[in-house]
Amino acid sequence: MKLTGGQIIAKSLKEYGVRYVAGIPGHGCWTLLDAFLEEGCEIPFIQVMHEQSAVHMADGYYRASGKPMAAVTSIGPGAANTIIGLGTAYADSTATILFTGAPATHMRGHGVMQELERFHSGDFPRVTEGVTKRHWEVSRVEELPFIMHRAFSSMLTGRPGPVHIEVPMDVQAEAAEVEIHALAKRLPVGKTRPDASTVAEAVKLLVSAKRPVIVAGGGAITSESTVEFRQLAEAIGAAVVTTWNGKSAFPEDHHLFAGSVGQTGTTSGNYLAANADVVLSVGCRFTDWSASSYRKGASFSFPPAKLIHIDIDPQEIGKNYPTEVGIVADAKLALQDMLASISAQDVQAIQDRRGSYFAEIKEQKEVWERMLAPRRDSGDAPMTSQRPLAELRKLLPRDGIVVVGSGNTQGAVKQTFPVYEPRTFLTSGSFSSMGWAVPASLGAKLAQPDRKVVCILGDGDFMQSLPEIAVAVMQKIPVVFLVQNNMGYMSIRGGQRKIMGRHIGSEFNLPSGEPYSPHFAEVARSFGLEAWRAETPEEVADALSRALAAEGPTLVEAMTARDAAGPFVPGWWDFPVPAYIDDERQTEYAEGRALEQHL
């Protein structure tokens, strides 16, 4: 076939199963975009309002479905706007492919409009090096079939991640006789199985454990191993805790679910994980947020606890904690092999001696429930950040998807909002990007059109990608946006107050000091959404019921109190105290840091 570079990309994406492309047209990519109108190359194009959102949308699509979506932008600032999106996908290991325009090959280095060239001709790909698994700079049309299948192989295999392909304008337009490479014959056909000896060591530890805990990281979901994960937890009678991205790997109404771990984890999750004798980690890299900045006894205690660490990426094994057994493997296969190695007699013997441990798990969850209930069930107006979540959980189907922004809302959802099925909780866990949730929720709904999708975020986060609600209207994407409005970056203000006793830049105020906020429900109506502002729990319940029943995109603005307590902080996070503060805060920080054990 004689195809232009644009046609090769479009046809390859179509044949490789990509259902949507998001982006903004510009002179650097309009030839590529035109190819999506050609016969055999047709893929719906979703026009966003900011290039960062195109990558976030593709990111949300992958998290909701496990399948990639593409993003396309122009040269220069359009391309540069994608970096936060790539960084978010890279930090959370989500597969996304980005195409950006570039100067024509014969114009490289001349400083054409929007070219970065003072250090190196066409220098933008170097900007992406720290936030992608790999990038390619295309020089000839004939290279593209090879590059396309290599890009898919890179982003989908091993530890998934974003990839970037820069396509010069002349390469997009010129044609060559080429063949589209069949992806099925170019991808590695197998997954990494664990070494049998490491499985045997791990099973021996788990069977003999008295207080086992299993940690679900994001890799437990990416590997599609949640069935095996639950079966193993039940077989060995282990308490289950989740990280930011591991939430939804295990049903939270299961009697073995203990809660989440980390700084904004739960008291029950942190207590049980910190007092375990054996910890099995599945696809978790132990970031500071999930490990309480490695403060011994806050979330984990290695040693005396022994760690069995399963991860597809060998560099994560032993990086932050010493491991008793390190298993480099696909999590699903590793868990299958463990289950096959545990006999029925072992399972019965384990269950016979677990009675007191099961009672302790139940007791610790009851302690947490008594702590949480006053905030979750509060009738105050303005509301706590937890109360709208309680009303939403009553209304959202079990398989409904929540896409969660950063800040207080993120922590409150992690602690307060139970989820039950894989890929029903999506958040920017490691990069914690503001502006991510709105476009990511649109991607999630495109990926799962038959499920309810609710985007939950604070007002500060919402204003960083508010224009994308126009995309929901134009494309008729029926997402419910639940905006918790407390007129500022209250999670930041809380940290500033705790450490410094004062705050700066974290409230939205007029010069007089009076709190400032747009009326988001009115703003949403002007965009074409149905919208409601709710001041009380009763109003938010009614508004959410109407929003979920509507056929198009909707918005519920829930007025939450600036000074109502946000999420609990049962763990530890390393916040250095300025040297000019010389009181008990300095002492407390020094004592906490002395207990960190990752160095």
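The values are calculated or read from the model by the stated rules, or taken from the named source; none is laboratory data. Quick caveat: nothing in here was measured; it's all calculated off a predicted structure. Ideal geometry is used to build each Cβ from the backbone, glycine not excepted, and the neighbour counts take in all protein chains shown. Surface areas here come from the heavy atoms of the whole protein model, side chains and all, with no ligands, DNA or RNA. Shrake-Rupley method; radii C 1.70, N 1.55, O 1.52, S 1.80 Å.
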Say we look at segment 449-507 and pick out the residues that are charged (D, E, K, R) and open to solvent by 60 Å² or more (accessible area, probe 1.4 Å); which of these is farthest from P397 (Cα to Cα)?
-> R502
Mind telling me which of the residues E530, E522 ends up being touching a residue at least 12 places away in the same chain (Cβ under 8 Å), open to solvent by 70 Å² or more (accessible area, probe 1.4 Å) and closer than 27 Å to G400 by Cα?
-> E530
Tell me which residues, restricted to segment 495-519, are among the acidic types (D, E) and free of Cβ contacts under 8 Å to residues at least 24 places away in the same chain.
-> E514
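What residue, of E234, E224, E228, E177, is out of contact with any Gly (no Cβ under 9 Å at 6 or more places or on another chain) and under 13 Å from A331 (Cα atoms)?
Details: E234 fails: under 13 Å from A331 (Cα atoms); E224 fails: out of contact with any Gly (no Cβ under 9 Å at 6 or more places or on another chain); E177 fails: under 13 Å from A331 (Cα atoms).
Just a single option satisfies the conditions, and that option is E228.
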Filtering segment 117-135 down to residues that are buried (at least 20 other Cβ atoms within 10 Å of the Cβ) and either at pLDDT below 95 or in contact with a His (Cβ under 8 Å, 6 or more places away or on another chain) (or both), which residue is nearest to K185 (Cα to Cα)?
-> H135
Looking at (1) closer than 12 Å to V540 by Cβ; (2) in a loop (DSSP other than H, G, I, E, B), which is the only condition A390 fails?
-> (2)
Identify all residues within segment 569-598 that are outside any helix (DSSP H, G or I) and closer than 17 Å to Q496 by Cβ; write none if there are none.
-> V569, W573, D574, F575, P576, V577, P578, A579, Y580, I581, D583
Inside segment 358-381, can you point out the residues that are surrounded by fewer than 16 Cβ atoms within 10 Å (Cβ to Cβ), over 29 Å from the mean Cα position of the chain (by Cα), within 22 Å of A561 (Cα to Cα) and among the small types (G, A, S)?
-> G379
Just one of the numbered conditions (1) open to solvent by less than 50 Å² (accessible area, probe 1.4 Å); (2) hydrophobic (A, V, I, L, M, F, W, C); (3) touching a strand residue (DSSP E or B) at 6+ places or on another chain (Cβ under 8 Å) is not true of A173; which one?
-> (1)
The one condition in (1) on the phi > 0 side of the Ramachandran plot; (2) modelled with pLDDT of 95 or more that V556 fails to fulfil = (1)
Sort out which residues of segment 497-552 are assigned to a helix (DSSP H, G or I) and in contact with a Lys or Arg (Cβ under 7 Å, 6 or more places away or on another chain), and write them in order of number.
-> I499, A521, P537, L548
Sort through Q336, Q315 and tell me the only one that's of a type in the set (S, T, N, Q), under 28 Å from the mean Cα position of the chain (by Cα) and under 26 Å from G571 (Cβ atoms).
-> Q315
Could you count how many residues in segment 565-594 are open to solvent by 30 Å² or more (accessible area, probe 1.4 Å) and either under 29 Å from the mean Cα position of the chain (by Cα) or free of Cβ contacts under 8 Å to residues at least 40 places away in the same chain (or both)?
-> 20
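Collect the residues in segment 72-97 that are over 18 Å from the mean Cα position of the chain (by Cα) and either crowded, with 24+ Cβ neighbours inside 10 Å or in a loop (DSSP other than H, G, I, E, B) (or both), keeping them in residue-number order.
Of everything in segment 72-97, those that are over 18 Å from the mean Cα position of the chain (by Cα) and either crowded, with 24+ Cβ neighbours inside 10 Å or in a loop (DSSP other than H, G, I, E, B) (or both) turn out to be V72, T73, S74, I75, G76, A79, N81.
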Is there a residue in segment 362-373 that is farther than 22 Å from S292 by Cβ, out of contact with any Asp or Glu (no Cβ under 6 Å at 6 or more places or on another chain) and in contact (Cβ under 8 Å) with a residue 24 or more places away in the chain?
-> yes
Take segment 533-555 and flag every residue that is touching a Pro at 6+ places or on another chain (Cβ under 8 Å), closer than 22 Å to Y489 by Cα and either without any contact (Cβ under 8 Å) to a residue 12 or more places away in the chain or open to solvent by 70 Å² or more (accessible area, probe 1.4 Å) (or both).
-> E535
Right, M474: without any contact (Cβ under 8 Å) to a residue 60 or more places away in the chain and more than 18 Å from D59 (Cα to Cα) or not?
-> no
Is it true that some residue in segment 407-427 is open to solvent by less than 10 Å² (accessible area, probe 1.4 Å), in contact with a Cys (Cβ under 9 Å, 6 or more places away or on another chain) and at pLDDT 95 or above?
-> no
What pairs come up if the first residue lies in segment 408-435 and is on the phi > 0 side of the Ramachandran plot and of a type in the set (D, E, K, R), the second is at pLDDT 95 or above and in a helix (DSSP H, G or I), and their beta carbons are under 7 Å apart, counting only those six or more places apart or on different chains?
-> R423/R63; R423/A64; R423/I221
